[in-house]
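Comments concern the structure below.
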Amino acid sequence: MAEPTKETRKLEKIRILGELERGLDDVDKVLATGKTDIELDFSACTFISVDGLEWLEEFLLRADSLKSSVKFVNVQSPVYKVFKVAHIDSLMRACGSPSQDAQGLVC
Amino acid sequence: MTVSSEQELMLTQRANHLVRQARLAAAVFTQYSQEKVDKIVRAMTAAAIENAGKLALMAHQETRMGVTEDKILKNLVASEFLYHQIKDKRSVGVTREFPDLNMVEVAEPMGVIFALAPVTNPTSTVIFKSICCAKTRNTVIFSAHLMAAESSNYAAKIMYEAALAAGAPKGFITWVDKSSRLRRTSELLMSHPEVDLIFATGGTQMVKAAYSSGKPALGVGPGNTPVYVHKSANVLSAAMDIIISKTFDNGTECPSEQTLVIDREVSEQLLNEFKRLGCHLCTQEEVEKVSDLIIDSRSGGINYKLVGQPANLIADQAGLNITQPIKMLLCPLNGELRHHKLAIEKLMPVLGYVIVDSVNEGINKALDINYAGGTGHTAGIFCEDDDVIERFSDAINAGRIIVNSPASIGGLGGVYNHLNTTLSFGCGTGGGNITTDNVGIKNLINFKRVPRRRNYVISFQTTKNIYINPGSIDHLKSLKCQSAFIITSRSASRRGHLAQVTERLPQDCHVDVFSDMGPEPDFAMIQRVVAAMRHSQPDTVIALGGGSVLDAAKIVRLFYDYPELKISEIAVNFLDFHHRMIEFPKDMKTQLVAIPTTSGTGSEVTPFAVLKDGHRKISLIDECLLPDVAIIDAHLTRSLPPDITGDTAFDALTHALEALVSTFSSDYTDGLALEALRLIFESLPETLKNPNNVLYRHKLHNAATLAGMAIGNASVGVNHALAHALGARFDIPHGRANGAFLLSTIEYNAQIPSKFVSIPCYPLWVADRKYARAAQFIGLTVEPIEGETEEAKGLRLVHKLRQAVYDLAKLAKQPLSIAELGIPLETYMAAIPELTEIAFSDMSIRTNPRYTLAPEVAQLFANAYTPRERP
């Protein structure tokens, strides 16, 4: 089966609602089709657990192997801080932010 | 791959796994509310209380140290007592508010903590650190002592399960499993990049390793607790407390007593009481045997096999013939204490003692112990004399100095006193630590300070009684004074002013006069006048003259009232005009009446006084320099020649313009400055036309005083800094020197500054708008231009203002450049570096609306030389 070209790929927008306590099967299924890029909208995500974080990391890994692009959008500050403190590069990349701390002068 | 590198890889993977769990949990923990955290802490505490006995027994069985019953108590202190101390404390969000400082503190978790647990407190330390980490939303990876790993890890498991059930993040507590590679795994964790803090409680080697890891570390130091029993102590109570403390968990607590220092007066009673309560007092021969047993002869350190062992076991092994049960062994440390083998930390029920003959000797002996390996840790004193306690506390270097209580349980905090409960004793720099705290939750939070902008209080002060109309010199007739000392100049005397004053003073008032005050006096002149006043002993000083006379009189009164003052100490520069470091006297004893005979300085209403000091001028500023009475009588200015009228009016004009744009200006000073400007522009031309017209003299005189009030509260600016330097260097009258720079400084201050002034009371640079407002206030207008911005219109108004100043100066024959002052160009240019240095350090510059850089000062000097065209 030919891989979908960039033009034929669909962009699926999915909202994460409430507390992300564990993996979301519906989202996994969308990814499994291998034909879509995904935009996860965190505007209504109020909490993220360790399992939720681990699922997101793994989800991004799977997306990468399927050559699907995943973007996180509208990440609210408390959840964005969780991503920052978790020090997981793939999460930060999905948010479109630099993954490494800038090294500046020490004063 | 070799076997060892395979093992290393496995250990690294294990360490990575532990840290990853902790890292994710730390991230998730950042979302927790205070309520959620407190719920977890409560559940963990309950679990610890429920399992206190089981864990204590397990710890004792595994380590063979201490006393199970005491370990139960430690577990309870680490849970129940800790809970009481922290349950109501905020550790999430805003933790503290400082309303007076307009500041709050907000908590930020530290992140992933790698925590060590010692063999002496294997379960209580884990309980304590787990609860503290939960309260502060940190995650923790425990590494136990190999000899206590099963009990420590079991304690961690109990804490974790309780926390998880209450909603804590998965992986919040983890631990290194017991294995022969435990030490190596701990080393890997210590240097792991994802570990944020090492919380090290344990042996010296582990603490040292923690500090060497390059990570932030909360460590502890070794102890060697001296306890002084002063003759004022309640001896029987002291004996019981010491036994409780030293036998607690068989002496494994590091704050516990190591050597007693006993006043001879109570030594017999104390030792007898120890004996009566079941302690054994060793003979010198027995001390040798005990020393040989418990001290490792090679290292001079403690024999670790005996840590936490019972007294009878130690006695037996030492070969002491003791058949009855004993609580502890008391060893007299005879000879040179500093070199005695037993003058070290003994974590077992063996206690040294020395007898002393004075408080001084007692403190010195305690210091010998304190500095023999226990600096910064713990000390104790039994004493009812507060002075002795204070002397002891002052001398001893210990993070906790326990008074009239058992040192060990006292050091734990929360039981015998209100110290923070801890199992981790900060020893400060004496013990190689960053804190002397009983380490607890406050040490596990990154406190973020959130200071709001300072609410800057600006006040307004001026001379209390001001008489303002022509003829108001008559007020002198009713002046309350027995003896007046008049300070004036020869010209005032010549112009008849002195006679006008003396004629009006009350009949019974004794009057002395100093009429030799020259222009710009120095401190030697001040001292001369003060000396003259000492003979006269006046209750009132009357300053009659121009600004120099008035300024000098202010300083004369100050040094007359307070002869102990030193001029060099009160003439200190400042950054904040309203909060200077120098404290002047609050109350003046001698009344000061200021009668200006020129319309310029406004000194009669300012807290300033300027003195000449060689080639510079020094300024004194304080409310105590304000005169008590000012008499603004324009009749006294009628005989002023036109040049002095012009000079002094330009001084007042500069005051008004600089006060208006000062960083300390306010609505109060703005009103005064604007009205002073209006009066000067109205009355100076008329006065010059008709010098005897009292109406315009009156307006000009009032203008100078109003401008004085403005600068008295808003101060001046760069123009004055330049003028002070120039005037002092070339003997130029102050008003003239001011005028020479005025066009340049208005232009300079009206431009967007190259550097803004950083002072909280000046939130917005508005100098350009204020000059424009001044222009409008004195009636200047500009034709409207369609589409012109307010800023551009403002700049045209500033231009108009500069034109008005130019025109006024020409009318008053005031020089507007240095060349017009008759200073040769070469001489002047050569002096600019020195002038710049002096002007740059002048106090006046501090309140300029534009932060004046040194090269800009030099440029202002240079630009001021060439005669100016009309702007």
- prompt: What span do the alpha-carbon atoms of the range B:461-639 cover on each of the three principal axes, reported in whole Å from largest to smallest?
  reply: 43, 32, 30
field: Loop-located trypsin sites (Lys or Arg not before Pro) in the range B:235-310 whose Cβ has at most 14 other Cβ within 10 Å (DSSP)
entry: B:Arg298
message: Sort B:27-40, B:91-104 by packing, meaning the average of other beta carbons within 10 Å per residue, with the highest value first.
response: B:27-40, B:91-104
query: When all protein chains stay in place, what accessible area (Å², nearest 10, 1.4 Å probe) is found for A:Lys67?
result: 140 Å²
- request: Of the listed pairs A:Lys13/B:Lys135; B:Lys464/B:Lys589; B:Lys87/B:Lys305; B:Lys617/B:Lys689, which have alpha-carbon separations greater than 27 Å here?
  value: A:Lys13/B:Lys135; B:Lys87/B:Lys305; B:Lys617/B:Lys689
message: Need one number: nm distance between label points at B:Asp667 and B:Leu313, each 7 Å from Cα along Cα→Cβ, rounded to one decimal.
response: 8.1 nm
query: Considering only protein heavy atoms and a 1.4 Å probe, what is the carbon-and-sulfur percentage of the accessible area of the range B:13-218?
result: 55 percent
task: Could you compute the FRET efficiency for B:Met240 and B:Lys305, with r as their C-beta to C-beta distance and R0 at 45 Å, rounded to 0.05?
output: 0.95
Karplus 3J(HN,Hα) series, Hz, for the range B:342-358 with 6.51 cos²θ - 1.76 cosθ + 1.60 (x for Gly, Pro): 8, 7, 10, 6, 10, 7, 6, x, 10, 10, x, 8, 10, 10, 10, 10, 7
field: Stretch gain in nm, segment B:Met10-B:Glu837, where the contour uses 0.36 nm per residue and the Cα spacing is subtracted
entry: 290.9 nm
message: With angles folded into 0 to 90 degrees, how steeply does helix B:523-536 sit against the dominant principal axis of chain B? Use alpha carbons for both and round to 10.
response: 80 degrees
message: Using only the alpha-carbon atoms, how far is helix B:3-29 inclined from the longest principal axis of chain B? Give it as 0 to 90 degrees, nearest 10.
response: 50 degrees
query: So what is the 222 nm mean residue ellipticity for chain B from helices alone, if each DSSP H run of at least 4 adds -39500 (n - 2.57) and you divide by all residues, rounding to the nearest 500 deg cm²/dmol?
result: -14000 deg cm²/dmol
message: Of all beta bridges DSSP finds with both residues in chain B, what is the antiparallel percent, to the nearest 5?
response: 25 percent
task: Provide a whole-number value for the mean count of partner chain Cβ atoms within 10 Å of the Cβ atoms in peptide A:80-89.
output: 5
- request: Can you work out the accessible area per residue across the protein assembly as shown, with the rest of the protein chains kept in place, probe 1.4 Å, in square angstrom?
  value: 43 Å²
- request: Report, to the nearest 10°, how far helix B:734-749 tilts away from the longest principal axis of the Cα atoms in chain B, using its own Cα long axis and a range of 0 to 90°.
  value: 60 degrees
field: Proximal aspartates and glutamates to B:Lys755, defined as alpha-carbon separation beneath 13 angstrom and excluding residues fewer than eight positions away on the same chain
entry: B:Glu856
query: Where does the range A:10-94 land on the Kirkwood hydrodynamic radius, alpha-carbon pairs, in angstrom?
result: 12.7 Å
task: Would you calculate the separation in nanometres between label points at B:Lys87 and B:Gln284, each defined as 7 Å from the Cα along the Cα-to-beta-carbon direction?
output: 5.7 nm
- request: Can you figure out the FRET efficiency of B:Asp587 with B:Ile468, using R₀ = 30 Å and their beta-carbon distance, to the nearest 0.05?
  value: 0.70
field: Cα-centred dipole magnitude for the range B:313-395, charges only on beta-carbon of K, R (+1) and D, E (-1), debye, nearest 20
entry: 560 debye
message: For chain B, compute the orientation-averaged projected area of the C-alpha convex hull (one quarter of its surface), in nm².
response: 52.3 nm²
query: What average number of partner chain Cβ atoms lie no more than 10 Å from the Cβ of the residues making up A:46-59?
result: 3
- prompt: Considering amide H positions built from the backbone, and no H for Pro or chain starts, which residues 5 or more places from B:Val356, or on another chain, come under 5 Å of its amide H?
  reply: B:Ile262, B:Asp263, B:Arg264
task: Could you calculate the contour length gain from A:Leu11 to A:Thr46, that is, 0.36 nm times the residue separation minus the distance between their Cα atoms, to one decimal place in nm?
output: 10.2 nm
Residues of type aspartates and glutamates that B:Lys448 reaches as a straight line, Cα spacing below 16 Å, ignoring anything fewer than 8 places off in the same chain: B:Glu97, B:Glu105, B:Glu108
- request: Would you tell me the mean number of C-beta atoms belonging to other protein chains that fall within 10 Å of each C-beta in B:338-351, as a whole number?
  value: 0
statement: Between chains A and B, the summed loss of accessible surface on complex formation, probed at 1.4 Å and reported to the nearest 100 square angstrom, is 1300 Å²
query: Sorted by mean Cβ packing within 10 Å, highest first, what order do the peptides B:139-150, B:181-192, B:675-686 take?
result: B:139-150, B:675-686, B:181-192
message: Can you order the peptides B:430-442, B:658-670 by their average number of other Cβ atoms within 10 Å per residue, highest first?
response: B:658-670, B:430-442
task: Using only alpha carbons, build the gyration tensor for the range B:13-218 and give me the equivalent ellipsoid semi-axes, biggest first, whole Å.
output: 26, 21, 15
- request: Calculate what fraction, in whole %, of the accessible area of the range A:10-94 sits on carbon and sulfur atoms when a 1.4 Å probe is rolled over the protein chains.
  value: 50 percent
message: Between B:Ser191 and A:Arg22, what is the label-point separation in nm under the 7 Å Cα-to-beta-carbon projection?
response: 4.1 nm
- prompt: Say R0 is 41 Å: what FRET efficiency, to the nearest 0.05, do B:Ile434 and B:Leu764 get from their beta-carbon distance?
  reply: 0.45
query: Residues in the range B:212-238 near a label at B:Glu265, defined as backbone nitrogen under 11 Å from the 7 Å Cα→Cβ point?
result: B:230-233
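The values are calculated or read from the model by the stated rules, or taken from the named source; none is laboratory data. Predicted model, so just to flag it, every value in this text is computed and none were measured. All Cβ positions, even for glycine, are placed from backbone atoms using ideal geometry, and neighbour counts span all protein chains on display. To get the accessible areas, we keep the full protein, side chains included, count just its heavy atoms, and leave off ligands, DNA and RNA. Shrake-Rupley method; radii C 1.70, N 1.55, O 1.52, S 1.80 Å.
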